[in-house]
Ligand SMILES: NC(=O)c1ccc[n+]([C@@H]2O[C@H](COP(=O)([O-])OP(=O)(O)OC[C@H]3O[C@@H](n4cnc5c(N)ncnc54)[C@H](OP(=O)(O)O)[C@@H]3O)[C@@H](O)[C@H]2O)c1
């Protein structure tokens, strides 16, 4: 048990909610955040200290950080950058504003929030930044270009930040889950309906497969794990003396991580282009 403080983004469902519950049960003082009022209410009812936080909105980031630091007397041990969504669609069908929306949340929001809390952690001489990346942060798969690009961007920022934090007592870790059961596909389907026009696309036939995958009940692919598998890695990243730079979570992540290291790009492409 411990009394360390952790701020988590995207706690309305899935991995964020599971980690908020798991860390609270472990004795952490958890600041659970969500962007919708009904989710803020739901989290309060579960007994969390809650703040509204939409990471696509700089004002919201500023207000949430200020409120958390007010409550803790200016301290924060851990930040789990979990919030994010997947924008499906072929690269050719991504309008500029669509990929901007993807980056506003997954990349720019994550970076801005991280940069808001880093001075606090540097001042304390300790802290843990955890970033929820993906298997798609190192392996590109068809019709996931916007999401792939956003997670690759996070990997680049985290890899650089890690070098710049040496000696500060602050560590940054990436979590690379692979398939985890959550509301991810429901939310991705909503973004597909909002931003992609399949009828006018040269990929319209492929979009039927994509829709079927997003709408499938139960796990979409084999080796899907529950969000508790991510919680385990988050606990390690918070508690290990020397946290890992990367945490693989599911079998597909270990497999593709290995294959990416040993196979030439053309062989990887043969494999990856078959992924629906
Ligand atoms: N599930 C997987 O297979 C998987 C695999 C690899 C990586 N991940 C990553 O894991 C993270 C959590 O996803 P999940 O699987 O738990 O899916 P999820 O159930 O859809 O949860 C996503 C969370 O992010 C929140 N969110 C989205 N945009 C936000 C914004 N602008 N500001 C604040 N919160 C925002 C959502 O809030 P709303 O309810 O308001 O939309 C929700 O709480 C994401 O970063 C995702 O990329 C998931």
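Some values worked out for this structure:
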{"item": "For the chain, calculated [θ]222 nm from helices alone, where every DSSP H run of n ≥ 4 adds -39500 (n - 2.57)", "result": "-15500 deg cm²/dmol"}
{"item": "Mean separation of Cα contacts under 8 Å (6+ apart) over length of the chain, as relative contact order %", "result": "19 percent"}
{"item": "Relative exposure of 273, 35, 162, judged by other C-beta atoms within 10 Å (fewest first)", "result": "273, 162, 35"}
{"item": "Debye log10 I(q)/I(0) at q = 0.10, 0.12, 0.14, 0.15 Å⁻¹ for the range 152-246, Cα point scatterers", "result": "-0.44, -0.60, -0.74, -0.80"}
{"item": "Pair residue 163, residue 276: separation of 7 Å Cα→Cβ label points (nm)", "result": "4.2 nm"}
{"item": "Cα Rg, Dmax, the chain, angstrom units", "result": "18.5, 56"}
{"item": "By average C-beta atoms within 10 angstrom, highest first, the peptides 259-269, 71-81, 112-122", "result": "71-81, 112-122, 259-269"}
{"item": "Packing-based exposure ordering (other Cβ within 10 Å, fewest first) of 173, 12, 150", "result": "12, 173, 150"}
{"item": "Euclidean distance between Cα centres, the range 181-217 to the range 106-170, Å", "result": "27 Å"}
{"item": "Two-site label geometry, residue 261 and residue 204: point separation in nm, points 7 Å out along Cα→Cβ", "result": "4.5 nm"}
{"item": "Additional length obtainable on full extension of the chain from residue 41 to residue 268, 0.36 nm per residue less Cα span", "result": "77.2 nm"}
{"item": "Kirkwood-type radius of the range 206-276, with distances r between different C-alpha atoms, in Å", "result": "14.8 Å"}
{"item": "Protection proxy ranking, peptides 57-63, 217-223, 230-236, average beta carbon neighbours within 10 Å, highest first", "result": "230-236, 57-63, 217-223"}
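No lab work stands behind these numbers, since they all come straight from the coordinates. Computed from a predicted structure; not experimentally measured. Ideal geometry is used to build each Cβ from the backbone, glycine not excepted, and the neighbour counts take in all protein chains shown.
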